[in-house]
Amino acid sequence: MVDTQRIDGKAFAAKLLLEITEEVAGLKAAHGLQPGLAVVLVGEDPASQVYVRNKGRQTVAAGMQSFEHKLPADVSQADLLGLVAALNEDRAVHGILVQLPLPGHLDADAVIACIDPDKDVDGLHVVNAGRLAAGLPGLVPCTPLGCLLLLKDILPAMSGLEAVVVGRSNLVGRPIAQLLLQQNCTVTMAHSRTRNLAEVCRRADILVAAVGKVEMIKGDWIKPGATVIDVGINRIETAEGKSRLVGDVAFAEAQGIAGFITPVPGGVGPMTIACLLRNTVTAARRILNIAAPPQAGIS
Ligand code: GUN
């Protein structure tokens, strides 16, 4: 029986936000630079409104400038592209994030393609995906970056470990696999068509679940002592008619088997906004050619 440790993403993110706040104060004092993040929200989706409000609050709390652009749900593709083009040219804006998903009549790929790759703090532009795949410096998607920071804290020596990533989205699965490869893990990407998924998962020293399916990864799919990162955020109805967040991993079943596991909520989730702010600072430094402090690590 393994003594399973919970990974406290909330505490880690709070520490990271404190470091970012200090770094921002330092940039202001030494270079007169205040990093700025522009967030574009199209329409009235309630979950997106909550995310955008939180992003704005935390951006300001860290001492950065927050620019919020709210556009009506029926905005045209041309008007949205026009706003992105203006933000690309705005010298006070170092990071641009267009909240996804966009209403159905808009082409999200075309919008992301229009963002200046050096301001693409979501790391979704194909130039940044290409840089990541080629091992070049770029902007890395926030959730994968958050997962990597948590993993590096727990497993300072990841080299040679077996990592299995379940899920192959551009937002999470693919970039996490690239980051783990950069850490010299032996990486397997598993997905909905993978045969013997349970067996593949049982090989993993590091198991990353990013599929968006309620508790799909069972306790007996986990190698005893493995580190489990659960990226899933799934809302379910409880018997009492309330709603609750659960991950892609059967958390209760993993107790006594996993060595370390991220809970949902309170695991990977809080790291995403912290990494968005970190990416904004990274983008501001690069645009102004200001070297990062040595402890800044992966970007
Ligand atoms: N919607 C949900 N997650 C994300 C994210 O990481 N970036 C953007 N732009 N939209 C999202």
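Read the figures in this text as sums done on the coordinates, not as results from a lab. These numbers were taken from a predicted model, which means no experiment stands behind them. Note that each Cβ is placed from the backbone with ideal geometry, even for glycine, and that neighbours are counted across all protein chains shown.
Percent of Cα pairs in the chain per distance bin of 5 Å, from zero to the largest separation: 1, 5, 12, 15, 18, 16, 14, 10, 6, 3, 1, 0.
For the stretch 155-204, the alpha carbon convex hull comes to 67 Å³ per residue, rounded to a whole number.
Binning all Cα-Cα separations of the stretch 186-297 at 5 Å, short to long from zero, yields these whole-percent fractions: 2, 11, 17, 18, 14, 12, 11, 8, 5, 2, 0, 0. Here the chain is scanned for trypsin sites (Lys or Arg not before Pro) in DSSP loops (not H, G, I, E, B) that have at most 15 other Cβ atoms within 10 Å, and the longest stretch holding none of them is 92-192.
In a reduced charge model with +1 at each Lys and Arg Cβ and -1 at each Asp and Glu Cβ, the chain shows a dipole moment near 440 debye about its Cα centre.
Once C-alpha pairs closer than 8 Å and six or more residues apart are averaged by separation and normalised to the residue number of the chain, the relative contact order reads 22 percent.
In a simple Cβ point-charge model (Lys, Arg +1; Asp, Glu -1; nothing else charged), the stretch 1-150 has a dipole of about 460 debye relative to its Cα centre. A cysteine counts as unpartnered when no other cysteine's C-beta lies under 4.7 Å of its own; in the chain this applies to CYS114, CYS147, CYS185, CYS201. Since only GLY173, GLY241, GLY212 are under comparison, the one whose Cα sits farthest along the positive direction of the charge dipole of the stretch 173-254, derived from C-beta charges on Lys, Arg, Asp and Glu, is GLY173.
Relative to the compact-globule scaling 2.2 N^0.38 Å, provide the ratio for the alpha-carbon radius of gyration of the stretch 88-196.
Normalised by 2.2 N^0.38 Å, the Cα Rg of the stretch 88-196 equals 1.18.
Would you mind giving the average projected area, over all directions, of the Cα convex hull of the stretch 37-91 in nm² with one decimal?
3.9
Per-residue ellipticity at 222 nm computed for the chain from its helices equals -12500 deg cm²/dmol, with DSSP H segments shorter than 4 residues left out and the rest contributing -39,500 (n - 2.57). In whole Å, what is the distance between the alpha-carbon centres of the stretch 157-223 and the stretch 41-115? The stretch 157-223 and the stretch 41-115 have Cα centres separated by 31 Å.
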